[in-house]
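The next block holds one structure in the form of structure tokens; read it before the comments.
The values are calculated or read from the model by the stated rules, or taken from the named source; none is laboratory data. Just so it is clear, the model here is predicted, and its values are computed rather than measured. Positions of Cβ are backbone-derived with ideal geometry, glycine not excepted, and every protein chain shown enters the neighbour counts. In case anyone asks, the SASA skips ligands and DNA or RNA and just uses the protein heavy atoms, side chains included. Shrake-Rupley method; radii C 1.70, N 1.55, O 1.52, S 1.80 Å.
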Amino acid sequence: MRVLGITAVLCLLAAAVSADPVRVRQPKADDEELAWWQTSVIYQIYPRSFKDSNGDGVGDLRGIINQLEYLQQLGVGAVWLSPIYQSPMVDLGYDISNYFEIDPVFGTMDDFNEFRDKAHSLGLQVMMDYVVSYTSDQIEWFQKSLRREDGYDEWYVWAVGERNESAPHGYNVPSNWLSLFRGSAWEWSEERQQFYLHSFTVNQPDLNYRDDGVVLQMKDVLRFWLDKKVDGFRVDAVSQMYEAEGFPDELPSGLTNDTEANNYLQHVQTQNRPETYEMIKQWRAILDEYQAADGKAKAMMLEVYDDPEIVMPYYGTPEEPGAQFPFNFYFISQLNAQSNASDVNRAVHLWMDNMPEGNWPNWVLGNHDQPRVGTRLGVARKDLFNMISLLLPGTAITFMGEEIGMENTHVSWEDTVDPWALNAGPDLYESVTRDPERTPFQWNTSANAGFTDEGVKPWLPVNENYLQGINVESELEADLSHIKVYRKLVDARGWRVAQRGALDTAIISEWVFAFTRTLDGEPTVVVVGNLGTDVETVDLSATFDGLPDQLTVHAASISSSTQSGATVSPQSVTLEAGVGLVLVANSTSAA
Ligand code: GLC
């Protein structure tokens, strides 16, 4: 396996900047069959914010059931639901108090069954959030561990540091480890007279995977949902599963002087430990067992934000496979609203050049933890980034609302509910809050954007831009809209060349990035985008060999002066600021 450090990759790519396209490997041999998780767009639903059916201001399963046709018409192939399990909702469902029950705010197990059956009947696969690193402190397991009940004693990470009469509890904390949500990762328990580890909120104690009972229990969770015929999982906070034995201190990272902030430390002892890769392989074996039994592909995608040398081994090896894919977060961690063509090119290659041979790429453009694409990468570039992420080789993951170009919403301190933001306090909350990207989905122009009934206060405020055309109904009626662009992109993903074609990328100018997808016997597809703020006219045939004299526009950003159906000469393609075009060569001479 070829794995380079980020610095090495950056140097190599900086050297490679030229008008010559850079080819990366073919995604899949032509004759291999592709599974649903490879060809589909996977659409993330944050259930609290999708559709409220009972007028309590919070989205629910019935709301999702009623809107499944929307997803089918959008053309996505799978739905990943953020957690809907029983939860005190300290972390909005990522703190689970019962893995085998649905929280009443979302509905009942009957509702879930109906959701799953209807999704399947519409050809949509169902993926659940598998929250593995911690539970709610209200779960029976933690309560038993707190009481040191037989068998549960070591289910969580309990410890004390050295005896210290002057320390508040008579002991030092076991280590200097920090919570991702600020402050010490250790919380004192009066009942046990020990500290417990919590990587996130104090109400989310970390499970101890060094206890066999925990390993068995979490496998039972997996089996329970597989028995319920779900098709796959998004595995949450994988990096935090294990920590080094003996709780060695972590060293300062040098990134910040804020000693309470999580990035004050380098997380060598607490993240992506070798045992974690092993556990993923064991879970993969369970998925494969179910796949062998019913003949339907199962998939696991992992939440891991890190450098390639940490992330890529989660694919496992041919002998011992790991996840179908760890999420590719490089469009999130490597890009911002100022990114130019070489930045985008670098982010693409960071994945493609480091992915071990024989695996399948993926492109995550956003999620419930990250600012929305328009806000993060630029309002004018919304369609362009959808084009790039949906037409690169591999699986595309769309966070609900990106297809209509939703933007972050300002949420006041008074309305703030994200525990990370609450922990940060009124002065700092805006630097970490995730509420702005979690606001209700915008369906139409009626009150509350059609998310909930008129007169009901939604759990987070609705973005006012639903009245300026950012909503499903208005966009479906408009001649040009984000959703119409998105649907064209989903259609294009059905083409053989999009699923199996080779990828060549090119930096055409400082601001213009382009790539082609080519496959023998199939029309070549060119995606070209102007990331800058000035109009540019480029000659694509100077970069890509064998393009025909005319290219047909399959999809264009809504602000483009050239729209779908038009033909352009590859020698002179004009792109307004932020505009992307998907061009198709009807002749196959480029192959
Ligand atoms: C995961 C979730 C995030 C949550 C965190 C802690 O990273 O994506 O939303 O806050 O886990 O529970």
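Taking a ≥ b ≥ c as the square roots of the Cα gyration tensor eigenvalues, with a/c under 1.5 meaning rounded and otherwise prolate when a/b beats b/c, else oblate, which class fits the range 137-279? Judged from the Cα gyration tensor, the range 137-279 comes out oblate (a/c at least 1.5, b/c at or above a/b).
For the chain, carbon and sulfur atoms together expose 47% of the accessible surface, with a 1.4 angstrom probe and every protein chain in place. Rounded to the nearest 20, the Cβ-based charge dipole of the range 347-393 about its Cα centre (Lys and Arg +1, Asp and Glu -1) stands at 300 debye.
Any idea what diffusion coefficient the range 70-144 gets from Stokes-Einstein, in µm²/s, Kirkwood Rh on alpha carbon pairs, 10 °C, 1.306 mPa s?
Values: Rh = 13.4 Å.
Diffusion coefficient, whole number: 118 µm²/s.
The H on the amide N of Val304, modeled in the peptide plane, is under 5 Å from the matching H of Phe327, each at least 5 residues off or on a different chain. The phi-based Karplus calculation (6.51 cos²θ - 1.76 cosθ + 1.60; θ = phi - 60°) puts the 3J(HN,Hα) values of the range 114-120 at 5, 4, 4, 5, 5, 4, 4 Hz, whole numbers, x for Gly and Pro. Assign one of three labels to the range 456-553, namely rounded, prolate or oblate, based on the Cα gyration tensor with a ≥ b ≥ c the square roots of its eigenvalues; rounded applies when a/c is under 1.5, prolate when it is not and a/b is larger than b/c, and oblate otherwise. Prolate, since a/c reaches 1.5 and a/b exceeds b/c. Calculate the length of the line joining the C-alpha centroid of the range 301-317 to that of the range 239-254, in whole Å. Each part's Cα centre sits 18 Å from the other's. Summarising the strand pairing of the chain, around 60 percent of its internal DSSP beta bridges are antiparallel. With all protein chains kept in place, the per residue accessible area of the chain amounts to 37 square angstrom at a probe of 1.4 angstrom. Placing unit charges on the Cβ atoms of the charged side chains and taking the dipole of the chain about its Cα centre, the candidate lying farthest along the positive direction among Leu551, Ser199, Ser136 is Leu551.
Students sometimes get this wrong: rank Val311, Val160, Val535 by accessible area, probe 1.4 Å, all chains present, largest first. Intermediate values should be presented prior to the final figure.
Values: Val311 0, Val160 55, Val535 95 Å².
The ranking, largest first, comes out as Val535, Val160, Val311.
Scoring 87-96, 253-262, 186-195 by mean Cβ neighbours within 10 Å over their residues and listing the highest first yields 87-96, 186-195, 253-262.
For the Cα trace of the chain, dividing Rg by the Kirkwood Rh returns an Rg/Rh value of 0.97.
One Cα centroid belongs to the range 176-226, the other to the range 397-460; the line between them spans 28 Å. For the range 326-397, the square roots a ≥ b ≥ c of the C-alpha gyration tensor eigenvalues yield an a/c of 1.5 or more together with a/b exceeding b/c, which makes the shape prolate.
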